[in-house]
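Undergrad: This structure is in structure tokens; I'll ask about it shortly.
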Amino acid sequence: MNKKILITIIILSILLIGGYFMKNFLTNLFKQNYVVFPANYDISFLFGNNKRYTPTNTDIQKAIELLESFLKSKKEIQALLNYKVQFFGYLNEKEEKIIWANFFCSDYKNWKKDLVSVEDGGNCYFNIKINLNTQKVFDFNINGET
């Protein structure tokens with residue numbers, strides 16, 4: 001009986017530790033594919049008069065967790081690791097933190113410095129907003145196809 005308990009504990013430990021390292025591995029791998037734009041990057045045509053802010057690492061981590069959960073149900077979206085992402089932050093009328101995430105799967109030379117904006121392109125291009133205060137994902141938009 002003791003042997004079964006010990007084996008169960010060992011197996012559970014391996015699964016928990018493996019899951020932790022796998023999550024961190026994927027998060028670190030994903031970090032290579034995103035950029036956070038500072039509050040002073042002019043993107044007023046998208047956010048109007050809303051006040052901009054620069055998302056913190058904690059904000060981005062929370063946004064990624066909420067996105068992963070939301071996008072699992074979207075069959076038209078590829079694995080997140082296939083995309084590059086640009087994150088922009090702003091505050092809505094209620095002063096809630098909103099992250100606007102701009103996803104694309106094509107390679108662009110200056111994607112870490114300039115907003116990537118294309119027409120069409122299908123599920124290779126989409127954007128989405130995350131309210132960090134309410135933890136809700138909204139305004140999910142996939143580009144059309146020609």
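The values are calculated or read from the model by the stated rules, or taken from the named source; none is laboratory data. Note that the structure is predicted; figures quoted are calculated from it, not measured. Ideal geometry is used to build each Cβ from the backbone, glycine not excepted, and the neighbour counts take in all protein chains shown. Heads up: the accessible areas ignore ligands, DNA and RNA and are worked out on the full protein's heavy atoms, side chains in. Shrake-Rupley method; radii C 1.70, N 1.55, O 1.52, S 1.80 Å.
Undergrad: How would you rank 129-137, 43-51, highest first, on the average number of other Cβ atoms within 10 Å across their residues?
TA: The densest-packed peptide leads the list: 129-137, 43-51.
Undergrad: How much net charge surrounds LEU66 when only other residues with a Cβ under 14 Å from its Cβ are counted (Lys, Arg +1; Asp, Glu -1)?
TA: +1
Undergrad: For the stretch 35-142, with all protein chains present and a 1.4 Å probe, just round the carbon and sulfur fraction of the accessible area to a whole percent.
TA: 45 percent
Undergrad: Taking the Cβ-Cβ separation of TYR53 and CYS105 as r and a Förster radius of 35 Å, what is the calculated FRET efficiency to the nearest 0.05? List each step's numbers first, then the result.
TA: On the way: r = 27 Å, r/R0 = 0.78.
That pair, TYR53 with CYS105, gives E of 0.80.
Undergrad: In the stretch 92-146, how many lysine pairs have Cα atoms under 27 Å apart, counting only pairs 8 or more places apart or on different chains?
TA: Qualifying lysine pairs in the stretch 92-146: 10.
Undergrad: Also, quick follow-up: Please work out the FRET efficiency for the pair ALA39 and VAL118, using the Cβ-Cβ distance as r and a Förster radius of 30 Å; give the result to the nearest 0.05. Mind dumping the intermediate values first?
TA: Numbers: r = 24 Å, r/R0 = 0.81.
The formula returns an efficiency of 0.75 here.
Undergrad: Ignoring ligands, DNA and RNA, what accessible area per residue does the stretch 40-146 give at 1.4 Å, in Å²?
TA: On the way: 6180 Å² over 107 residues.
Per residue, the stretch 40-146 has an accessible area of 58 Å².
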